[in-house]
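The values are calculated or read from the model by the stated rules, or taken from the named source; none is laboratory data. All values reported here derive from a predicted model rather than from experimental measurement. Using ideal geometry, Cβ is built from the backbone for each residue, glycine included, and neighbour counts are taken over all protein chains shown. All accessible areas refer to the heavy atoms of the entire protein, side chains included, with ligands and DNA or RNA removed. Shrake-Rupley method; radii C 1.70, N 1.55, O 1.52, S 1.80 Å.
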Amino acid sequence: MRRYLFTPGPVELSKKVEEATKGQMISHRSREFSSLMSGLQLKLRKLLNVQEPVLLFPGSGTSALEALLVNLISRGDKVLSFSCGHFGERFREIASRIGAVVLSFDKPYGEVFTKEEVVGAVNLYSDASAILITHNETSTGAANPIEEIIEGLPADGPLVLVDAVSSIGAMPCYPEKWGVDGLATCSQKGLMAPPGIGIVWLSRRAWEKVRQNKTCPSYSMDFLLMRKYLEKELPQTPVTPPVSLFFALDASLEEVEEEGGFLRRFEERKAYAQSLCKAVEDLGLELLVKNKPSRSCGVTAIRIPGKAESVRKGLLEKGIEVAGGQGALRNEIIRVGHYTREGLSELWDFIQALEETCKELGVAVDKMSFGKIEELYTGRCR
């Protein structure tokens, strides 16, 4: 029986990426490593369509968020936090621990913020240093309209800091074009590499703020130090990096290019997500995110109130691992990640297993045929 890892990170690795992790170590002060760093810079800047450097360092998505805040936020700074899920709440908790004065704005899980809501809050608190917002909320499968929101903000307003942990690589995100000031992500979701690399990008305005702050309270997360080493004749990192993971990330980015590039990948993930959502609804199940344009291309949350954990465990017995709900959504939803290269056969395997598991547990669902799944998927992939 084939096993599927359908969690919203970590994700299944391709053979090429898996092999890249097995190579012999090299010195992180060598020309070979510098060449690897330079190649990663080119690939990531192309993905994000940016000019400013992309910083890579040991850590998770949460580490990247914390690095973003310790470099840009000082104790006593007023921060506006917009949260519509568990990870939006985590972003604000990090800011609180740093000593920021956090003003919280919340939407129910499964909903997203409108431009008017964010702009209204920013106008009300014009002395805020930054706003914190999540692009793709991993706990709900809801995607905030970041580009649209920023369009309404004043150019000299607070720094816009974005949690892009579960969006980069699975859906378009162009921080420089959109007006984002700080973006944090990681290697193990949309970039389809192993966990262990934190990734951050800053706008020119944010870099000026970093320089004004002068001293970062963290040595290993000091952006000025990272940039200094990155701009050496032989690009390096200030502390020892996870070399094998850098090779794996490079292999994953290279593989996407070989398959047609990220624009093609974005379309494929969108088609897969839409097909999955429609198939789930045709089964008679409910999706957490009601508004179709707000649904994520990376993760889908399915409501099965009171039986979600039983369904999750039943799927696991069939070789399909999905994630459960978090916080208030525990035992209310299952979360299905679709960050890798899943296609029609994997979609059918999942829907078939979901149908069988629900019936075994007494959850009423309709019957789904392969022909219907094929029609849904191929229609959206054209």
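Whether any residue in the range 301-316 is within 17 Å of His135 (Cα to Cα) and buried (at least 23 other Cβ atoms within 10 Å of the Cβ) is what I want to check. Explain how you work it out, then say what you get.
At the first step, the residues of the range 301-316 found to be within 17 Å of His135 (Cα to Cα) are 301.
Remaining after also requiring buried (at least 23 other Cβ atoms within 10 Å of the Cβ): 301.
Yes, some residue in the range 301-316 is within 17 Å of His135 (Cα to Cα) and buried (at least 23 other Cβ atoms within 10 Å of the Cβ).
Here's the yes/no breakdown for (1) within 21 Å of Ser167 (Cβ to Cβ); (2) in contact (Cβ under 8 Å) with a residue 40 or more places away in the chain; (3) among the β-branched types (Val, Ile, Thr):
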{"site": "Lys78", "(1), (2), (3)": "no, yes, no"}
{"site": "Phe82", "(1), (2), (3)": "yes, yes, no"}
{"site": "Ser96", "(1), (2), (3)": "no, no, no"}
{"site": "Thr114", "(1), (2), (3)": "yes, no, yes"}
{"site": "Gly120", "(1), (2), (3)": "no, no, no"}
{"site": "Asp127", "(1), (2), (3)": "no, yes, no"}
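Within the range 373-381, can one find any residue that is modelled with pLDDT under 95, out of contact with any Pro (no Cβ under 9 Å at 6 or more places or on another chain) and among the β-branched types (Val, Ile, Thr)? Quick ask: steps written out before the conclusion?
Step one: of the range 373-381, the residues modelled with pLDDT under 95 are 373-381.
Those left that are additionally out of contact with any Pro (no Cβ under 9 Å at 6 or more places or on another chain): 373-381.
Imposing the further condition that a residue be among the β-branched types (Val, Ile, Thr) reduces the set to 373, 378.
Among the residues of the range 373-381, at least one is modelled with pLDDT under 95, out of contact with any Pro (no Cβ under 9 Å at 6 or more places or on another chain) and among the β-branched types (Val, Ile, Thr), which makes the answer yes.
Could you pull out the residue among Asp250, Asp282 that is in contact with a helix residue (DSSP H, G or I) (Cβ under 8 Å, 6 or more places away or on another chain), within 30 Å of Tyr109 (Cα to Cα), of a type outside the set (A, V, I, L, M, F, W, C) and at pLDDT 95 or above?
Going through Asp250, Asp282 in turn, just one is in contact with a helix residue (DSSP H, G or I) (Cβ under 8 Å, 6 or more places away or on another chain), within 30 Å of Tyr109 (Cα to Cα), of a type outside the set (A, V, I, L, M, F, W, C) and at pLDDT 95 or above: Asp282.
Kindly indicate the residue of the range 363-373 that is in a loop (DSSP other than H, G, I, E, B), touching a residue at least 40 places away in the same chain (Cβ under 8 Å) and not acidic (Asp, Glu) and also most open to solvent (accessible area, probe 1.4 Å) among those meeting that condition. Can you show your working first?
Within the range 363-373, the subset in a loop (DSSP other than H, G, I, E, B) is 363-369.
So of that shortlist, the ones also touching a residue at least 40 places away in the same chain (Cβ under 8 Å) come out as 363-366, 368.
Filter again for not acidic (Asp, Glu), leaving 363-365, 368.
Values: Val363: 23, Ala364: 87, Val365: 26, Met368: 12 Å².
Among those residues, the one meeting the criterion is Ala364.
Kindly provide the set of residues from the range 8-36 that are within 14 Å of Ser252 (Cα to Cα), of a type in the set (A, V, I, L, M, F, W, C) and not in a loop (DSSP other than H, G, I, E, B), ordered by number.
Result: Val17, Ala20, Leu36.
With under 21 Å from the mean Cα position of the chain (by Cα), buried (at least 16 other Cβ atoms within 10 Å of the Cβ), of a type in the set (A, V, I, L, M) and under 21 Å from Val256 (Cα atoms) as the only criterion, which of Leu47, Leu42, Leu65 stands out? Full working, then the answer.
Details: Leu42 fails: buried (at least 16 other Cβ atoms within 10 Å of the Cβ); Leu65 fails: under 21 Å from Val256 (Cα atoms).
Answer to the check: Leu47.
Given the residues Val280, Val243, Val239, which is the only one that is out of contact with any strand residue (DSSP E or B) (no Cβ under 9 Å at 6 or more places or on another chain) and either in contact (Cβ under 8 Å) with a residue 24 or more places away in the chain or open to solvent by less than 10 Å² (accessible area, probe 1.4 Å) (or both)? It would help to see each step written out before you state the result.
Details: Val280 fails: out of contact with any strand residue (DSSP E or B) (no Cβ under 9 Å at 6 or more places or on another chain); Val239 fails: out of contact with any strand residue (DSSP E or B) (no Cβ under 9 Å at 6 or more places or on another chain).
Within the list Val280, Val243, Val239, the selection yields Val243.
Being more than 18 Å from Phe6 (Cβ to Cβ) and either open to solvent by 60 Å² or more (accessible area, probe 1.4 Å) or outside any helix (DSSP H, G or I) (or both), is that true of even one residue in the range 336-353?
As a first pass, look at the range 336-353 and keep what is more than 18 Å from Phe6 (Cβ to Cβ): none.
For the range 336-353, residues more than 18 Å from Phe6 (Cβ to Cβ) and either open to solvent by 60 Å² or more (accessible area, probe 1.4 Å) or outside any helix (DSSP H, G or I) (or both): absent.
Taking only the range 72-92 into account, find how many residues are under 18 Å from the mean Cα position of the chain (by Cα) and farther than 20 Å from Ser203 by Cβ.
Going through the range 72-92 one residue at a time, the tally reaches 9.
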